[in-house]
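Asks: Pasting a structure here, questions to come.
Laboratory data are not the source of any read-out in this text; all were calculated from the coordinates shown. In this text, all values refer to a predicted model and were calculated from it rather than measured experimentally. We place every Cβ from the backbone using ideal geometry, glycine too, and count neighbours over all the protein chains shown.
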Amino acid sequence: MPFRLQRLAIPLLAVLVAACSSTPPEPEAKSYPRITAERVKLQRLWKVSVGDGQDGTQVRLTPAVSGQHVAAASRDGLLMLVDRESGRLQWKKKTRLPITAGPAAGYGLVAIGTAKGELVLYSQADGSEKWRASLGAPVLAAPAIAADRVVVLAGDGVVHALALEDGAVRWTYNTSVPPLTLNTNAAPLLADDRIYIATSGGKLIRLDPETGAAEWEVRVATNSGRSELERMNDVVGNLLRVGERELYSVGFQSQLTMTDVEAGRRRWQYELSSVNDPAEGLGNIYVTDVEGFVLAVDRASGKLAWKQPDYAYRQLSNPVVLNNLLAVADDDGRVHLLSQSDGAVRGRVRASGDAVVALVVRDDVLYAWDDDGGLSAWKLR
């Protein structure tokens, strides 16, 4: 699921850098660019409020679309399921849990992770709790639900595979965690009957789903910093699978990388620093970086196709493809529509009075999630 994590990276960097030396003030964002091409517009279908949302905290809560419903959770423990066409409430549950990850939805279940290290599953039908398991460390990324198991990466680097029916442990796999991280993780990816894990140490690992054995391990994020801060290269944006062999990852202070999943090796890398999920369309991989640039990188060559610099110093959300356009959102609550071919601005709308932190697209409907718990659905007019 997609999410904007500059809120994790920028405050952390500011505190650490300020402790070492005085730094000049951060440049201010410039005015929004003019819309010179034919303007396109978004129409709001519905909007609901989900508790306090993320409430400015450093957590990763992104709505999950499953079947005819959207599941959303707030940091103060509220879990909701709404009809994705009308926004009508299906059920609401006050869990009283410090939710820090998810929700994930599928196979009739909704899963969340907590700061107390709990994985909790609920029935998608009525919100009743099915089971919960203690993982021993905070959950900082959404779980991944399969037909017979749920896979979750805990904050201590341990991957847990639990039986979907009752939460019994199938296996665990340990990954290393650096001394300094962004305190969040990319969600496990289940694809082609394999499990892909991106680590906070900049590695990509493929696991056998039955045994948890590692089939290969590839370093996909590198840098040559001297200090622990400079060497941070967490892969926190969720992985993107395209076609039969391509797997894309983005790292903080590192690279956008394409990995061949059959060969288990990198095909190309493009230097950038991003903490958001990438997107794909028209032969490009789209990324929003920590400076507020929107970039399109050619899938085949790994070379830059175009860069949109007009949103520099704005905290952008993940990019998503909506019909034939690219959508990104910012910290002023606006959603921007760009041309996929060259990044030209085609439209914008004020989606919220708060920062929009994540975008999700399903069946040509755009779902915008803001920091204060506003969830809205939009469609191109």
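Asks: Among Tyr248, Leu325, Val235, whose Cα sits farthest toward the positive end of the charge dipole of the stretch 223-332 (+1 at Cβ of Lys/Arg, -1 at Cβ of Asp/Glu, about the Cα centre)?
Replies: Projecting each Cα onto the dipole axis, the largest value belongs to Tyr248.
Asks: I need the peptides 323-332, 241-250 ranked by packing, meaning the mean over residues of other C-beta atoms within 10 angstrom, with the highest value on top.
Replies: Per-residue mean Cβ counts within 10 Å order the peptides as 323-332, 241-250.
Asks: Please list, in chain and number order, the residues 5+ apart from Leu135 or on another chain whose amide H is under 5 Å from its amide H, with Hs placed from the backbone.
Replies: Answer set, sorted by chain and number: Glu118, Leu119.
Asks: Right, another one. What GluC sites (Glu not before Pro) does the stretch 188-218 have in DSSP loop regions with at most 16 other beta carbons within 10 Å?
Replies: Listed in order of number, the matching sites are Glu210.
Asks: Find the centroid of the Cα atoms in the stretch 36-91 and in the stretch 147-210, then give the distance between the two in whole Å.
Replies: 26
Asks: Length gain on complete extension for the stretch Ala214 to Ser134, per 0.36 nm per residue less the alpha carbon to alpha carbon distance?
Replies: 26.4 nm
Asks: Search the structure for amide H atoms under 5 Å from the amide H of Val40, placed 1.01 Å from N in the peptide plane, and list their residues when 5 or more places away or on another chain.
Replies: Amide H to amide H, under 5 Å and 5 or more residues apart or across chains, Val40 pairs with Gly347.
Asks: Amide H neighbours of Arg362 under 5 Å, at least 5 residues apart or on other chains, H built in the peptide plane: list them.
Replies: Those lying under 5 Å, H to H, from Arg362 are Tyr367.
Asks: Taking a ≥ b ≥ c as the square roots of the Cα gyration tensor eigenvalues, with a/c under 1.5 meaning rounded and otherwise prolate when a/b beats b/c, else oblate, which class fits the stretch 216-343?
Replies: Oblate, since a/c reaches 1.5 and b/c is not below a/b.
Asks: Apply the Karplus curve 6.51 cos²θ - 1.76 cosθ + 1.60, θ = phi - 60°, to the phi angles in the stretch 274-286 and return the couplings in whole Hz, x for Gly and Pro.
Replies: Whole-Hz 3J(HN,Hα) from phi for the stretch 274-286: 9, 10, 10, 5, x, 9, 10, x, 6, x, 10, 10, 9.
Asks: Starting from one equal scatterer on each C-alpha and no solvent at all, send me the Debye-based log10 I(q)/I(0) for the chain at q = 0.06, 0.08 Å⁻¹, two decimals.
Replies: For the requested q values the scattering log ratios are -0.20, -0.37.
Asks: Could you derive backbone 3J(HN,Hα) for the stretch 93-107 from the dihedral phi with the Karplus parameters 6.51, -1.76 and 1.60 (θ = phi - 60°), listing whole Hz in sequence and x where the residue is Gly or Pro?
Replies: Calculated HN-Hα couplings, in order: 10, 8, 6, 6, 10, x, 5, 10, 8, x, x, 10, 9, x, 6 Hz.
Asks: Enumerate by residue number the trypsin sites (Lys or Arg not before Pro) in the stretch 278-314 meeting two conditions: DSSP loop (anything except H, G, I, E, B), and at most 11 other Cβ atoms within 10 Å of the site's Cβ. Each step should come with its number before you reach the end.
Replies: Working: sites: Arg299, Lys303, Lys307, Arg314; in loops: Arg299, Lys303, Arg314.
Within the stretch 278-314, the qualifying trypsin sites (Lys or Arg not before Pro) (loop, at most 11 other Cβ atoms within 10 Å) are Lys303.
Asks: Please list 142-149, 84-91, 222-229, 188-195 highest first by mean number of surrounding beta-carbon atoms within 10 Å per residue.
Replies: 142-149, 188-195, 84-91, 222-229
Asks: How would the stretch 288-339 be classified by its alpha-carbon gyration tensor: rounded, prolate or oblate, with rounded meaning a/c under 1.5 and the a/b versus b/c comparison settling the rest?
Replies: The shape class here is oblate.
Asks: Which entries of Lys47/Lys93; Lys203/Lys303; Lys47/Lys303; Lys203/Lys379; Lys307/Lys379 show an alpha-carbon separation above 29 angstrom in the structure shown?
Replies: Details: Lys47/Lys93 19 Å; Lys203/Lys303 22 Å; Lys47/Lys303 39 Å; Lys203/Lys379 37 Å; Lys307/Lys379 26 Å.
Cα-Cα > 29 Å for Lys47/Lys303; Lys203/Lys379; rest within.
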